[in-house]
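Notes for the one structure printed next.
The values are calculated or read from the model by the stated rules, or taken from the named source; none is laboratory data. Keep in mind the model is a prediction, meaning the values are calculated, not measured. Glycine gets a Cβ as well: all are built from the backbone with ideal geometry, and neighbour counts include every protein chain shown. Surface areas here come from the heavy atoms of the whole protein model, side chains and all, with no ligands, DNA or RNA. Shrake-Rupley method; radii C 1.70, N 1.55, O 1.52, S 1.80 Å.
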Amino acid sequence: MYRLFGVVVLLCAAFSGRAQGYSLVIKGGTVVDPKNNIHEVMDVAVTDGKIAKVAKDIDPRGATQVVDAKGMLVVPGLIDMHTHVFFGTDPSRAYDGGSASIPPDVFSFRTGVTTVVDAGCSGWRDFPAFKRDVIDVARTRVLAFLNIGSYGMRGTPYEQDLKEMDGKLTGAVARQYRDIVVGIKVAHYSGPEWTPVDEAVKAGKIANIPVMIDFGGNNPPLSIRELFFDHLRPGDIFTHCFGQLLTREFIVDTTTHAVKPFVLEARQRGIIFDVGYGEISFAYSQAIPAVKSGFYPNSISTDIHAHSMNGSMRDILNCMSKFLAMGMPANDVIQAVTWNPARQIKHEDLGHLSVGAGADIAVLQIEKGAFGLYDYTGYKLDATQRFVCAMTVRAGRIVYDLNGIAKPLVLPRVTNH
């Protein structure tokens with residue numbers, strides 16, 4: 001009896017250091033977790049869809065899958081805070097259930113993205129359809145900015161109709177779907193009125209969420225100084241911050257090539273500057289002098305849609321690579337696609353690898369070579385490195401594995417198509 005008890009004790013001791021039910025252990029990668037100030041070689045263990053342990057030399061024996069990430073970066077799943085994913089087949093509806101938007105699962109996992117935020121494709125009238133047709137069925141986590149226009153980004157004349165911009169109704173719907181709607185969006189309005197911005201801020205106050213501003217354009221351009229100090233609140237977001245279009249005021253003075261002093265003051269006040277790269281909404285002529293002066297974007301996002309994804313934007317990794325090439329430190333680049341956007345949309349459950357957090361993970365490589373990173377104007381940076389996604393883990397499951405580095409390799413379920 002006592003001998004049997006002793007054997008049990010010895011067995012328990014022998015197995016105490018082993019992986020106890022880990023579904024996944026990622027070994028030997030450089031963990032970069034800005035929230036927790038981690039940048040060192042460590043292992044990450046996952047159990048039941050959650051981060052179970054982040055430490056050196058986690059014993060992989062007993063784990064269901066093991067990944068050798070030596071020489072790679074292990075980071076929180078990327079958050080693309082400006083996307084257009086309310087896709088459909090009606091070209092007349094533009095981004096609002098139309099063909100200009102794209103399915104989130106088409107581009108997300110292959111680029112390390114586990115969370116996308118739709119930037120105002122739907123308004124309060126059609127958000128339920130967006131939720132039913134896209135959000136509820138996507139494998140990617142989809143959150144949303146609700147457009148101040150009731151019909152979302154349906155195109156002209158809908159996006160120019162001031163009567164359909166109702167802060168109270170928009171705020172009420174945002175509160176109803178508070179687990180998904182993370183902000184209010186102003187976009188594409190062309191006119192001198194401040195009504196879209198003011199109604200959006202009204203909605204933001206009702207739902208206690210930020211506003212994202214995309215100035216559609218006016219001639220002469222509306223004052224961004226007035227926008228920052230007279231209309232927006234700390235925590236509100238100015239997207240397309242490095243755009244240089246004639247119908248919008250720029251943040252960098254094209255004569256002095258310096259960030260305008262009031263823009264620096266706005267940042268100190270709490271205004272958030274988001275890239276929102278898009279098709280023509282990013283220019284090196286704005287970004288290079290800003291980055292060289294130390295003015296980094298708070299968040300790097302793509303504004304990905306059916307047109308921008310095949311232009312100079314490509315995807316979020318391409319955008320990240322451009323900022324790396326301009327001199328933004330790699331840690332700051334990673335923070336701008338993980339912890340920063342998580343805080344900006346008030347989802348601090350995302351964007352980090354804390355024990356107990358959902359296991360959304362991207363395994364990235366910084367590939368060496370000769371790469372041409374150009375903007376829509378044709379200006380090109382000759383770069384020697386770029387980000388590549390080797391693996392993506394969503395809610396604890398490997399959903400993308402570029403080179404089959406997981407052991408054992410578990411293939412996605414095959415359909416009949």
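Determine the calculated [θ] at 222 nm for the chain from helices alone, applying -39500 (n - 2.57) to every DSSP H run no shorter than 4 residues and normalising by the residue count; nearest 500 deg cm²/dmol. Helix contribution divided over all residues of the chain: -5500 deg cm²/dmol.
In the chain, the C-alpha radius of gyration followed by the widest Cα-Cα span (Dmax) gives 22.8, 91 angstrom.
Expressed as an acute angle from 0 to 90° and rounded to the nearest 10, what is the orientation of the C-alpha long axis of helix 195-207 relative to the principal long axis of the chain? That helix lies at roughly 40 degrees to the long axis. Here the chain carries DSSP beta bridges of which approximately 55% are antiparallel, counting only pairs with both residues inside.
Principal-axis analysis of the Cα atoms of the chain puts helix 316-325 at an angle of about 80° to the longest axis. Hey, if you put +1 on the Cβ of every Lys and Arg and -1 on every Asp and Glu Cβ in segment 277-375, which of Gly294, Asn318, Leu364 ends up farthest toward the positive end of that dipole? Checking the options against the dipole of segment 277-375, the answer is Gly294.
Using Cβ point charges alone (K and R +1, D and E -1), the dipole size of segment 140-257 about the Cα centre works out to roughly 460 debye. Overall, the accessible surface of the chain at a probe of 1.4 angstrom is composed of carbon and sulfur to the extent of 53 percent.
Any chance you could give the angle, 0 to 90 degrees and rounded to 10, that helix 2-15 forms with the longest Cα principal axis of the chain? Value to nearest ten degrees: 40.
Averaging the Cα positions of each part gives two centres, and for segment 123-146 and segment 78-116 these lie 11 Å apart.
Straight-distance candidates among the lysines for linking to Lys56, with alpha-carbon spacing under 29 Å and chain neighbours fewer than 8 residues away dropped: Lys27, Lys35, Lys70, Lys368, Lys407. Each of Gly191, His240, Pro221 was scored by the projection of its Cα onto the charge dipole of segment 176-256, and the greatest displacement toward the positive side belongs to His240; charges sit on the C-beta of Lys, Arg, Asp and Glu. Ranked by the mean number of other Cβ atoms within 10 Å of their residues, highest first, the peptides 398-410, 355-367 come out as 355-367, 398-410. Dipole magnitude for the chain: about 1240 debye, using +1 per Lys or Arg Cβ and -1 per Asp or Glu Cβ, origin at the Cα centre.
Protein heavy-atom accessible surface, 1.4 Å probe, per residue over the chain: 43 Å². Straight Cα distances below 22 angstrom link Lys202 to the lysines Lys163, Lys168, Lys185, Lys346, with same-chain residues fewer than 8 positions distant left out. Summing Cβ point charges (Lys, Arg +1; Asp, Glu -1) relative to the Cα centre of segment 147-214 gives a dipole of roughly 280 debye.
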